[in-house]
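Chemist: Just dropping this structure here.
The values are calculated or read from the model by the stated rules, or taken from the named source; none is laboratory data. If you're wondering where the values come from, they're calculated on a predicted model, not measured in any experiment. Positions of Cβ are generated from backbone atoms using ideal geometry, with glycine treated the same way; all protein chains shown enter the neighbour counts. Ligands, DNA and RNA are excluded from the accessible area calculation, which covers all protein heavy atoms including side chains. Shrake-Rupley method; radii C 1.70, N 1.55, O 1.52, S 1.80 Å.
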Amino acid sequence: MTTSVNASMDGTDGTTAAISTLTPTLSSTTNPLWKDLLQVSRPGWWMVSVWLYLAPTGRHSDRHATVGQDPTSSIFMTTLFWLGLLYVCLPLNMLTYGLNDYADMDIDLDNQRKGNWFFGPKGMGPHRLETVLRIAFAVSFVWLFAFIAAVPHQPEMLSWRIRLAMFLSWYAFGVLTNVAYNFKCLGHLSSHGPLETPMVFLGFSLITVFSYWVNVVLYHRSNGTGTLQLIFFGDGDHSLFGCNASYWIHLAFLILRTQLWTEYMDFENDLKMRRTTTLVRFGQTSKAKAKSIVLVVLLVETAWNYSVYRSNAEWLVPFAFALAGPFLFWMMDEALERRRCNPKAGNSTKVLLTLTALQTVGGIALLYETWQKGLFVN
């Protein structure tokens, strides 16, 4: 399913190592269960989930007028829209990041960016994490049936059998993607850069697929459109899951940038744990090379944004957001350098969290601009 996920320790399975070599600080948590569940879901990154969920509905808050519903009915007036939005932020994120935290229990003990609402808990024991995962699996799976049964079947709409197959296959693919990323049994791709980035892209893209099905396909009357065409391409408007090619390129840059930023923050820790992430592989133990890789990606993204938005009156916010990337990365690098020189200084971690929050605020502006103009939908 979604997101930024990790794990590896001297070639052994991260989960096995975590359980067999636990330290006392990992044995328990003093937080109430609800707080651990919330922190595992990464509230600081909910805006990413919201954006990916809203993307296929861009410029179409009144989309129901095109699919046989009340023409005056906004998509925001439907219970299903809000159930879906809550689903991708809470139970889905709890499951996605919970599996990551379970695989990385031992590694995260020395990770200074952990222990907050952006990057998840630190020092949560295996028993508590197992409880979190049981709850996440149960809630996310049962909740899924609300989307299968919520829209009464009518002629020319998808049958409940097709809906069941759609959402169960989506859920299974998401779990398999996450396990392949985090655990040795399916490849442990988080430690085999650059393969980890495509897996993260697949995981995040499933939120957009889910939103397209929930907010468009479930209400759609076929009007001669084949089932498979409807599920993947809609009414043949040259889009994939409701979004045009520019959106998928934008998402690829978003995932690549975020993944490389995270790997850069963890560069020394990954070297120590012998994790071969993309930056470790191509940076070849040199943080200067790793920095150059990140900057090149950010500059290419900026150039792409300029080429896409230069002919539109709406270009300013997305272009400024991308241009801010190299600047924020430079500030992040300075904070990391101060933390390296003085590991006990808490200010650098606060700076990192502030920069992450600034990027999130900028993302809200980008979300509004591109969504309300419908730049990523046909």
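Chemist: Specify which of the listed residues (Trp45, Trp82) is part of a helix (DSSP H, G or I) and either modelled with pLDDT of 90 or more or over 25 Å from Gly242 (Cα atoms) (or both). Please lay out each step first, then the result.
Modeler: Numbers: Trp45 fails: either modelled with pLDDT of 90 or more or over 25 Å from Gly242 (Cα atoms) (or both).
Checking each option against the conditions leaves just Trp82.
Chemist: Any residue in region 236-253 that is more than 27 Å from Phe147 (Cα to Cα), at pLDDT 90 or above and open to solvent by less than 10 Å² (accessible area, probe 1.4 Å)?
Modeler: no
Chemist: Here's something else I'd like to know. Within the bounds of region 284-291, is there any residue that is assigned to a helix (DSSP H, G or I), crowded, with 17+ Cβ neighbours inside 10 Å, aliphatic (A, V, I, L, M) and modelled with pLDDT of 70 or more? Full working, then the answer.
Modeler: Kept after step one, since they are assigned to a helix (DSSP H, G or I), are these residues of region 284-291: 287-291.
Applying the additional criterion that residues be crowded, with 17+ Cβ neighbours inside 10 Å yields 287, 290-291.
Those left that are additionally aliphatic (A, V, I, L, M): 290.
Filter again for modelled with pLDDT of 70 or more, leaving 290.
Yes; the residues of region 284-291 include at least one that is assigned to a helix (DSSP H, G or I), crowded, with 17+ Cβ neighbours inside 10 Å, aliphatic (A, V, I, L, M) and modelled with pLDDT of 70 or more.
Listed here are the residues, each with its yes/no results for (1) farther than 23 Å from Leu240 by Cα; (2) of a type in the set (Lys, Arg); (3) at pLDDT below 90.
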| site | (1), (2), (3) |
| --- | --- |
| Arg59 | no, yes, yes |
| Thr78 | yes, no, yes |
| Asn116 | yes, no, yes |
| Lys122 | yes, yes, yes |
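Chemist: Still on this structure, I have one more. Among all residue pairs at least 6 apart or on different chains, which show Cβ distances below 6 Å where the first residue, located in region 92-107, is over 9 Å from Ser140 (Cβ atoms) and open to solvent by 10 Å² or more (accessible area, probe 1.4 Å) and the second is in a helix (DSSP H, G or I) and not acidic (Asp, Glu)?
Modeler: These pairs meet every condition: Tyr97/Val40; Leu99/Asn178; Leu99/Asn182; Tyr102/Leu129; Asp106/Ala17; Asp106/Ala18.
Chemist: Anything in region 185-211 that is in contact with a strand residue (DSSP E or B) (Cβ under 8 Å, 6 or more places away or on another chain) and either outside any helix (DSSP H, G or I) or among the charged types (D, E, K, R) (or both)? List them, or say none.
Modeler: The answer is His192, Gly193.
Chemist: Among the residues of region 244-282, count how many are of a type outside the set (Ser, Thr, Tyr) and in contact with a Gly (Cβ under 6 Å, 6 or more places away or on another chain).
Modeler: 1
Chemist: Within region 107-144, count every residue that is under 24 Å from Arg275 (Cβ atoms) and of a type in the set (Gly, Ala, Ser).
Modeler: Selection size over region 107-144: 4.
Chemist: All but one of (1) under 30 Å from Phe267 (Cβ atoms); (2) out of contact with any helix residue (DSSP H, G or I) (no Cβ under 6 Å at 6 or more places or on another chain); (3) modelled with pLDDT of 85 or more hold for Asn100; state the number of the condition that does not hold.
Modeler: Looking at each condition in turn, Asn100 falls short on (2).
Chemist: What residue, of Val139, Val175, is in contact with a Pro (Cβ under 6 Å, 6 or more places away or on another chain) and open to solvent by 20 Å² or more (accessible area, probe 1.4 Å)?
Modeler: After applying the criteria, what remains is Val139.
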